[in-house]
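Reading through the structure tokens given below for one structure.
Every number here is computed from the coordinates shown, using simple stated rules; none is lab data. For clarity, every value in this text was computed on a predicted model and none was experimentally measured. Cβ: placed from backbone, ideal geometry, glycine included. Neighbour counts: every protein chain shown.
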Amino acid sequence: MSKKPNINKHQEQTPESLTLTRQEFSGPIPPPLVLEQYQKILPTAPERIISMAEKQQNYRHSTTNKALKIKNKGQLYGFLLMVLIMFLSAYALFLGYEKFAIMGMIFVAVPLVKLFILGSKNQ
């Protein structure tokens, strides 16, 4: 005869639970608790992470400043070219070259009118 295992129907069962935690952060520097955990693994990690974030910020600032300087130079050169064409057109008109003077004036006026009516590309 085979013995049946002793199963106690009234045996207390403990419910199992599972807790799932998800944390997110945005930006180059993690929250303080995460930095503390990094420090437990590698003592210099928080300083290295902060240094990396500072270098990235400095790079972004320098890149933005360079782009603004280039844009400002382009606007200045465009203005100087426009003034030069206007003077050359006026001089051509003075010398009696009406066709060249009109072409120069149109060359300057059309883009300016377009800019004032349509606005810039970035807006």
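Assorted remarks:
- Where a label projected 7 Å from the Cα of residue 23 along Cα→Cβ would reach, residues of region 37-59 with amide N under 12 Å: 37-39
- Taking 0.36 nm per residue of separation and subtracting the Cα-Cα distance, full extension of the segment from residue 99 to residue 37 would add 14.6 nm.
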